[in-house]
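For reference, the structure is listed below as structure tokens.
What follows draws every value from the coordinates through simple rules; no lab data is involved. Because the structure is predicted, anything quoted here is derived from the model rather than measured. Neighbour counts run over all protein chains shown; Cβ positions are idealised from the backbone, glycine included.
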């Protein structure tokens with residue numbers, strides 16, 4: 001069992017992947033694991049707004065950029081382990097499932113299976129999606145240049 005107040009890198013990475021993962025793919029991979037734990041909802045799933053902050057020129061003064069929709073959920077498994085999840089958007093089912101995955105992955109016996117069969121494929125999918133977006137963005141890149149005229 002992992003102490004909930006310590007945030008080891010594995011859990012941080014796992015939660016980051018679950019937060020960004022496609023809900024449909026998450027459900028499909030979860031079904032393939034064949035796990036069906038008993039749990040109770042402690043909070044949510046509930047949807048609300050969070051303010052996103054930005055910085056002028058990337059390192060200047062912070063400012064409120066806007067609001068985003070966030071869905072969060074907290075569950076407790078029958079063994080008392082608590083799992084949390086936050087996701088952009090309104091997919092309450094994916095938020096609940098992500099919280100269950102977080103709780104189950106805190107069990108040292110289940111964590112390797114969850115990481116191998118669920119988290120890594122989701123992470124690979126996210127990397128492919130990000131690479132595709134970078135390629136699409138690069139295709140529209142315009143290089144500007146200035147010609148120096150002979151006027152002195």
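Taking label points 7 Å from Cα along the Cα-to-Cβ direction, residue 69 and residue 90 give a separation of 0.4 nm. Would you mind telling me which residue in 34, 48, 23 has the biggest mean-square fluctuation in a Gaussian network model of the chain, where springs connect alpha carbons within a distance under 10 angstrom? Most flexible of the set in this elastic network: 34. Checking (1) 37, 36, 32; (2) 80, 31, 27; (3) 59, 31, 26 against Cα extents along the principal axes in Å calculated from these atoms, the matching label is (2). By the count of neighbouring beta-carbon atoms within 10 Å, fewest first, 144, 39, 65 end up ordered 144, 65, 39. Suppose R0 equals 25 Å. What FRET efficiency, 1/(1 + (r/R0)^6) with r the Cβ-Cβ distance, do residue 55 and residue 25 give to the nearest 0.05? Using R0 = 25 Å, I get an efficiency of 0.15. Comparing 109, 94, 85 in a Gaussian network model of the chain where C-alpha atoms under 10 Å apart are linked, the largest mean-square fluctuation is found at 109.
Dividing the mean sequence gap of close Cα pairs (under 8 Å, 6+ apart) by how many residues the chain holds gives a relative contact order of 24 percent.
Rounded, prolate or oblate: which fits segment 81-135, taking a ≥ b ≥ c as square roots of the Cα gyration tensor eigenvalues, rounded meaning a/c under 1.5, else prolate when a/b beats b/c? Since a/c reaches 1.5 but b/c is at least a/b, the shape of segment 81-135 is classed as oblate. Helical content alone sets the calculated 222 nm signal of the chain at -12500 deg cm²/dmol, taking -39,500 (n - 2.57) per DSSP H segment of four or more residues and averaging over every residue.
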